[in-house]
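Heads up, the thing below is written out as structure tokens.
The values are calculated or read from the model by the stated rules, or taken from the named source; none is laboratory data. Everything quoted here is computed from the prediction, not taken from an experiment. No Cβ is skipped: glycine too gets one built from the backbone with ideal geometry, and neighbour counts run over all protein chains shown. Only protein heavy atoms, including side chains, enter the accessible area calculation; ligands, DNA and RNA are left aside. Shrake-Rupley method; radii C 1.70, N 1.55, O 1.52, S 1.80 Å.
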Amino acid sequence: MKLSSRSKAYMIPEYSLTGDLLSFLTCNLQYRYQNKGTLPPSMPIQLWFGEFIHGVMEEAYLQWELNKTPFPWDWKKDIRPIENMIDARLQVRGLYPPKEHFFSTNHPSNENVDVNERDHKKLASARAERAINYWGPHLFPLIDSAELLIKGIRNMPHYDKNTSRSNYYGINGVIDVLSSLKINETIENTRQTTLDSYRNKIIEYLKNDKEFQEHINSIDGDEYEVIIDYKGMRRPSNQKEDDETWIRHKWQILTYAWLRRQQADAKPIVAGIIFYLNELVPSKEDLIVVQQDIHNNLTDIPKEGEFKKDVALIENWDEDAKVPELSSEFKTARSIRIININNEEIEKALNEFDNVVNNIESSLIKEIKGCKIQDAWKAQGDERTCDACDFKTFCKNKKTKPKEFTIP
Ligand code: SF4
């Protein structure tokens with residue numbers, strides 16, 4: 001009797017929008033080492049902070065929903081326990097905080113330290129505190145669903161039954177969703193007041209966005225949704241067609257909209273909002289880039305009008321001097337970005353991500369067939385990415401700043 005052999009396992013490769021697709025676009029080779037290698041990176045600051053601030057905002061919302069603790073929250077009493085919890089979760093995943101940015105009491109040598117604001121509230125904590133106390137009062141009352149897992153399936157681009165790993169691929173992400181119900185409820189609750197502190201800044205930004213208003217007026221019924229994402233980074237440069245990070249964030253929101261649409265309880269998705277949370281407490285390095293953006297006209301924040309004073313402060317700031325005190329209106333404007341959703345743009349974004357998946361799969365197949373890692377995956381980090389990359393010591397294609405020589 002002939003025994004039948006077990007058929008090959010059917011596997012659909014699964015890609016996360018941020019963890020895989022955006023990370024691959026930053027540098028193919030770095031993505032390969034970080035995501036498909038056996039060693040986790042030692043200290044990926046940007047990755048750690050991105051995950052940290054995301055976790056802190058999600059947890060802060062859950063606690064606000066539970067206890068309705070009024071804002072502003074006290075850093076040591078209300079926020080520090082959240083930071084500790086998120087830090088511990090990240091450490092389990094091998095993501096350890098950079099010492100100069102975060103004081104971790106989950107480290108054995110710091111366990112019994114009595115934490116105080118002056119000595120232990122480092123940059124990551126300062127940003128967490130600002131993000132919660134600044135955006136929390138406006139954002140949390142509008143959230144309808146938090147940490148919603150969205151998943152979808154797409155045809156594998158350029159499928160070939162002899163070489164492709166599967167005829168489909170999966171795509172996923174995690175989002176927060178605001179609903180028209182909560183937005184209207186908040187408008188109703190604040191209708192009676194003329195006090196500035198009661199005005200919801202997010203609703204005001206949405207009201208002032210012409211495209212958003214046209215869209216909600218055009219939909220059937222009065223229910224709609226807005227997708228939220230947080231980024232632990234500064235607002236990207238955004239005046240040219242090739243400002244890649246800016247465009248990719250838009251694709252990400254559009255793809256989230258497509259994924260959310262497929263869920264049974266979804267209402268029409270009219271927009272996405274990204275919060276660039278570094279803008280609330282910019283570091284010296286962030287400000288240097290903002291200064292370059294202003295100088296080269298690479299930012300959408302206007303130089304004239306209400307932000308004239310802030311722009312002048314940044315333009316005249318010397319790197320060796322203290323970071324200038326910027327107005328909260330300027331920081332707000334730089335930290336919020338509204339992305340309107342339309343079908344044509346969604347199609348474009350999906351095609352772009354299909355191409356990315358195709359490129360990841362091609363590199364993977366090359367490697368499976370015996371090609372060397374550095375030949376199978378393109379090394380394409382820019383100077384800033386290479387400088388912070390853990391693999392620069394052995395990467396043949398790293399881009400580093402040319403050494404400056406001084407003549408004695
Ligand atoms: S050093 Fe630069 S090019 Fe090389 S893997 Fe890292 S980011 Fe990519």
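Residue-wise test of (1) touching a residue at least 40 places away in the same chain (Cβ under 8 Å); (2) touching a helix residue (DSSP H, G or I) at 6+ places or on another chain (Cβ under 7 Å); (3) among the basic types (Lys, Arg).
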position: 131; (1), (2), (3): yes, yes, no
position: 142; (1), (2), (3): yes, yes, no
position: 147; (1), (2), (3): yes, yes, no
position: 152; (1), (2), (3): yes, yes, no
position: 158; (1), (2), (3): yes, yes, no
position: 162; (1), (2), (3): no, no, no
position: 166; (1), (2), (3): yes, no, no
position: 171; (1), (2), (3): yes, yes, no
position: 174; (1), (2), (3): no, no, no
Within region 94-125, tally of residues that are farther than 14 Å from residue 80 by Cβ and surrounded by 10 or more Cβ atoms within 10 Å (Cβ to Cβ): 9
For residue 407, the lone unmet condition from (1) modelled with pLDDT under 90; (2) closer than 26 Å to residue 289 by Cβ; (3) away from the ligand (no atom under 16 Å from the Cβ) is (2)
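Per-residue answers, yes or no, for (1) surrounded by fewer than 17 Cβ atoms within 10 Å (Cβ to Cβ); (2) at pLDDT 95 or above; (3) in contact with an Asp or Glu (Cβ under 6 Å, 6 or more places away or on another chain); (4) more than 30 Å from residue 307 (Cβ to Cβ):
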position: 322; (1), (2), (3), (4): yes, no, no, no
position: 338; (1), (2), (3), (4): no, yes, yes, no
position: 346; (1), (2), (3), (4): no, yes, no, yes
position: 367; (1), (2), (3), (4): yes, no, no, yes
position: 370; (1), (2), (3), (4): yes, no, no, yes
position: 376; (1), (2), (3), (4): no, no, yes, yes
position: 381; (1), (2), (3), (4): no, no, no, yes
position: 388; (1), (2), (3), (4): yes, no, no, no
Any residue at all in region 247-267 that's free of Cβ contacts under 8 Å to residues at least 24 places away in the same chain and part of a helix (DSSP H, G or I)? yes
Go through (1) over 27 Å from residue 230 (Cα atoms); (2) modelled with pLDDT under 90; (3) away from the ligand (no atom under 16 Å from the Cβ); (4) of a type outside the set (A, V, I, L, M) one by one and return the number of the condition residue 303 breaks. (1)
Could you check region 375-393 and list, in sequence order, the residues that are outside any loop (DSSP other than H, G, I, E, B), closer than 20 Å to residue 48 by Cβ and more than 6 Å from the ligand (Cβ to nearest atom)? 384, 387
Quick one: in region 217-245, which of the residues that are among the hydrophobic types (A, V, I, L, M, F, W, C) and buried (at least 19 other Cβ atoms within 10 Å of the Cβ) is farthest from the chain's Cα centre (by Cα)? 226
Checked region 155-171 for anything surrounded by fewer than 17 Cβ atoms within 10 Å (Cβ to Cβ) and not aromatic (Phe, Trp, Tyr); matches are 155, 158, 160, 161, 162, 163, 165, 166, 167, 170
Looking at this structure, is residue 169 aromatic (Phe, Trp, Tyr) and either part of a strand (DSSP E or B) or over 30 Å from residue 225 (Cβ atoms) (or both)? yes
Selection within region 185-216 - open to solvent by 40 Å² or more (accessible area, probe 1.4 Å), at pLDDT 90 or above and over 18 Å from residue 332 (Cβ atoms): 210, 211, 213, 214, 215
What's the number of the condition residue 24 fails, among (1) surrounded by 21 or more Cβ atoms within 10 Å (Cβ to Cβ); (2) within 14 Å of the ligand (Cβ to nearest atom); (3) modelled with pLDDT under 90; (4) hydrophobic (A, V, I, L, M, F, W, C)? (3)
Selection status of residue 334, closer than 30 Å to residue 272 by Cα, away from the ligand (no atom under 16 Å from the Cβ) and not polar (S, T, N, Q): yes
